[in-house]
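Visitor: Below you will find the structure I want to go over with you.
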Amino acid sequence: MISVIIPIYNEEQNILPMYARMAEVFDKLNVKREYIYVNDGSEDDSEHVIKRLAKQHADVKYINFSRNFGHQVAVSAGLDKAEGDKVVMIDADGQDPPEVIEELYLKSLEGFEVVYAKRESRKGESAMKIATAKWFYRVLNRITSFEIPLDTGDFRIMDRKVVDQLINMPEHHKFLRGQISWIGFNQTYVSFKRDERMSGETGYTYSRMIRLALDGITSFSNWPLRIATISGFVFSFIGFILILYTLYSKYYSETYQAGWASQMITLIFIGGIQLIGIGIIGEYISRMNENIKGRPLYIVKDSNISDASD
Ligand code: UDP
Ligand code: MG
């Protein structure tokens, strides 16, 4: 059986057409499937659309969150409850065309534990979003010790083995695409053209993208901390030279001047560097704090999966 995880945040218009498109794919492949709709605190009518769909089709399961917990958490909740031998993660807005599931599935049968869908092109997204994403993943790859595939989202198929590892990873700040690369096994990809959103608006605002980016960096690299340390050494060294020069000019040189401007510049500059250093440490500590608190990752309001409320 294949489980399909579909995170939903204000997708009322997209749920039914997506269901029909996915059903067609699975009918053609003739495989058993379950759909896990995770309603991530939608403010539109998504909840009722999903519940109505679940009444009509026995293969539709849902998890209804008590509020918005974010896309990565919604997908994680679906992973927790998925029962399939293979699991597909797909967006609800049609940007990841369900027809690509066929290719993902067939490729996975060749013996790949993970087959991710690589974006050959992207339609209907701002140049800014595409450029920042492109830049971010290239930087991330340079500062991590393993490869996170470029130009991919979470659209992919995974074997049960991989899902079992994934749901046992305790971190609260999920960066699933990185975690899956980290897990390893045989991974490959198929290329696809990312479509426009069928209807509605993106739930990924810039602030959410920045948060996801920081989660990715802090989860998989200590490079920012190292940069803080290295810049500490560099500036201490420069400072030491400046001390020698200051003492020299004060006691031996005739050209000694008060130098208010240079003092102010140094003060502000070093102050800034220190604050950045503290901020970087803070990003790591706040995530440690989040994990130590040990709160549940999400709260379920209701569900038609029997043990989903635990
Ligand atoms: N989503 C979610 N919770 C959120 C934001 C988004 O579950 O807080 C879902 C959304 O319904 C969609 C998927 O995550 O199925 C991808 O979101 P979106 O299309 O808004 O992101 P984009 O494709 O613009 O990056
Ligand atoms: Mg989208």
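The values are calculated or read from the model by the stated rules, or taken from the named source; none is laboratory data. Just so it is clear, the model here is predicted, and its values are computed rather than measured. In this analysis, Cβ positions are derived from the backbone assuming ideal geometry, glycine residues included, and neighbour counts consider all displayed protein chains. What goes into the accessible areas is simple: the full protein's heavy atoms, side chains included, and nothing from ligands, DNA or RNA. Shrake-Rupley method; radii C 1.70, N 1.55, O 1.52, S 1.80 Å.
Visitor: Tell me, what is the per residue accessible area of the range 1-111 in Å², probe radius 1.4 Å? Could you put the intermediate results ahead of the total?
Guide: Details: 4230 Å² over 111 residues.
Each residue of the range 1-111 exposes 38 Å² on average to a 1.4 Å probe.
Visitor: Hey, what did the range 117-256 get for relative contact order, percent, Cα under 8 Å, at least 6 apart?
Guide: 34
Visitor: A further question on this structure: Tell me, which longest segment in the chain has none of the trypsin sites (Lys or Arg not before Pro) that fall in DSSP loops with at most 15 further Cβ atoms within 10 Å?
Guide: After excluding every exposed loop site, the longest remaining stretch is 124-310.
Visitor: Ok, one more. For the range 206-262, what is the accessible area per residue in Å², given a 1.4 Å probe and the full set of protein chains?
Guide: 78
Visitor: While we're looking at this one, here's another question. Within the range 1-101, list the GluC sites (Glu not before Pro) lying in a DSSP loop whose Cβ has at most 15 other Cβ atoms in a 10 Å radius.
Guide: Glu43, Glu83, Glu99
Visitor: Let me know the Rg and Dmax you get for the range 27-111 when you use only its Cα atoms, in Å.
Guide: Over the range 27-111's Cα set, Rg and Dmax evaluate to 13.7, 41 Å.
Visitor: Roughly to the nearest percent, how much of the accessible area of the range 195-242 is carbon and sulfur, given a 1.4 Å probe?
Guide: Ligands and nucleic acids excluded, carbon and sulfur reach 69 percent.
Visitor: Rounded to two decimal places and with Rh computed the Kirkwood way over Cα pairs, what is Rg over Rh for the range 68-204?
Guide: 0.93
Visitor: Can you work out the PRE-style zone for Glu290? Point 7 Å along Cα to Cβ, and I want the residues of the range 217-247 with backbone N under 20 Å.
Guide: From the range 217-247, the list is 217-226.
Visitor: Okay, next question. Quick one: Cα convex hull volume of the range 148-240, Å³ per residue?
Guide: About 171 Å³ per residue, rounded to a whole number.
Visitor: Also, I was wondering about something else. Which FRET efficiency value, to the nearest 0.05, do you get for Ala23 and Ser121 by plugging their Cβ-Cβ distance into 1/(1 + (r/R0)^6) with R0 = 41 Å? Kindly include the intermediate steps, with their values, before the conclusion.
Guide: Details: r = 27 Å, r/R0 = 0.65.
The calculated FRET efficiency here is 0.95.
Visitor: At a 1.4 Å probe, what is the % contribution of carbon and sulfur to the accessible area of the range 1-148?
Guide: Summing carbon and sulfur atoms, their accessible area is 50 percent of the total for the range 1-148.
Visitor: Let me ask you something else. Can you give the percent of C-alpha pairs in the range 171-310 whose distance is more than 25 Å?
Guide: 59
Visitor: With an 8 Å cut-off on Cα pairs and a minimum separation of 6 or more residues, tell me the relative contact order of the range 95-168 in percent.
Guide: Relative contact order comes out at 44 percent.
Visitor: Then there is this: Using Cα-Cα distances under 8 Å and only pairs 6 or more residues apart, what relative contact order does the chain have, in percent?
Guide: Computed over the chain, the figure is 22 percent.
Visitor: Related question: To the nearest 500 deg cm²/dmol, what mean residue ellipticity at 222 nm is calculated for the chain from DSSP H runs of n ≥ 4 alone, each contributing -39,500 (n - 2.57), summed and divided by the residues? Show your work: numbers first, answer last.
Guide: Details: 10 runs with 158 residues, N = 310.
That comes out to -17000 deg cm²/dmol.
Visitor: What are the DSSP H helices in the chain that stretch 18 Å or more along their long axis, judged by alpha-carbon atoms, and whose average Kyte-Doolittle hydropathy comes to at least 1.0?
Guide: Counting only whole DSSP H runs, the qualifying helices are 223-251.
Visitor: Moving on to the next point. Measuring with a 1.4 Å probe in the full set of protein chains, what accessible area per residue, in whole Å², belongs to the range 119-165?
Guide: Averaged over the residues of the range 119-165, the accessible area is 53 Å².
Visitor: Same structure, new question: What percentages make up the Cα-Cα pair-distance distribution of the chain when the bins are 20 Å wide from 0?
Guide: Result returned by the calculation: 29, 48, 15, 7, 1.
Visitor: Taking the Cβ of Asn186 as the center, what net charge do the other residues with Cβ under 10 Å away carry, scoring Lys and Arg +1 and Asp and Glu -1?
Guide: My count for the surroundings of Asn186 gives -3.
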